[in-house]
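The values are calculated or read from the model by the stated rules, or taken from the named source; none is laboratory data. Keep in mind that what you see is a predicted model, and the values were worked out from it rather than measured. Methodologically, a virtual Cβ is constructed for each residue, glycine included, from the backbone with ideal geometry; neighbour enumeration extends over all protein chains shown.
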């Protein structure tokens, strides 16, 4: 059975390469690092942030996905923000490299702070050359040979982000704008749409000053390319000025999954770790998924937004 599943993982990796899957990174820490999902967050806090993410999905299973990312975002001025993200992903025999540039305009009016962002992305997807010597390879398979040489894709995304009273936020992002439109043209779809894929998030931060405690429930609904519709429910709590951070997540869709999060704040650094398991039968063949995020935040020495989301 495990050998059969290993074959399935190989075919899954090949499918990612051959179909040029362009969904956003599968990180679960988007509710503490919204820049992972929405380009409008670039520079939103007014601080400079450096972030590193590592995710090991289906740990202990051969060929399971591993994702690494490093990113920066910060202000260019009082109204302009910029971000840079580099992501590397390995799935069985498939390797994907993604470079993303985020540009955002932010403004403030009364109790509302808002940002509008745009991102451009360049992807390369490759199959390992060893695939061509495997028993499942058919000679002169054009699709496999093309994937071994590497597929190159350009894409873009739009986003909007709004914060009310430094507590309630609404996030809306539209990924895969170019890839989705090209798919419509190639398939002959008469009424294709740029905005068929989306990610919508809503959250509210409650401060209990008497106990030096905060709690932040949030929800995200997303329809990503080649991924079924999902709804995520999250609760994030901070204790003693975020010296201890704890969270619980539930993800519906594809059998569902639950995740636990722990974190801490040490001066300018934040460290997060999460572990999640799914409710599918495949869970018995792996040790769950692990994710680590390390975040550094530095004030530029000028007036800053005291926004807490993503940095708390």
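Quick notes
- Checklist (1) out of contact with any helix residue (DSSP H, G or I) (no Cβ under 7 Å at 6 or more places or on another chain); (2) buried (at least 19 other Cβ atoms within 10 Å of the Cβ); (3) farther than 19 Å from residue 232 by Cβ applied to residue 91, failing item: (1)
- Residue in the range 244-266 that is in contact with a helix residue (DSSP H, G or I) (Cβ under 7 Å, 6 or more places away or on another chain), assigned to a strand (DSSP E or B) and either in contact (Cβ under 8 Å) with a residue 60 or more places away in the chain or on the phi > 0 side of the Ramachandran plot (or both) present: no
- Every residue from the range 283-298 that is surrounded by fewer than 14 Cβ atoms within 10 Å (Cβ to Cβ) and either without any contact (Cβ under 8 Å) to a residue 40 or more places away in the chain or not in a strand (DSSP E or B) (or both): 284
- Residue 250 being at pLDDT 90 or above, over 26 Å from residue 162 (Cα atoms) and surrounded by fewer than 19 Cβ atoms within 10 Å (Cβ to Cβ): no
- Criterion (under 19 Å from residue 40 (Cβ atoms) and at pLDDT below 90) met by exactly one of 125, 178: 178
- When every residue of the range 52-65 is checked against the conditions, none turns out to be at pLDDT below 90, surrounded by 17 or more Cβ atoms within 10 Å (Cβ to Cβ) and under 15 Å from residue 101 (Cα atoms).
Here is a yes/no grid of residues against (1) surrounded by 15 or more Cβ atoms within 10 Å (Cβ to Cβ); (2) within 25 Å of residue 219 (Cα to Cα):
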| residue | (1), (2) |
| --- | --- |
| 43 | yes, yes |
| 73 | yes, yes |
| 99 | no, no |
| 112 | no, yes |
| 115 | yes, yes |
| 119 | yes, yes |
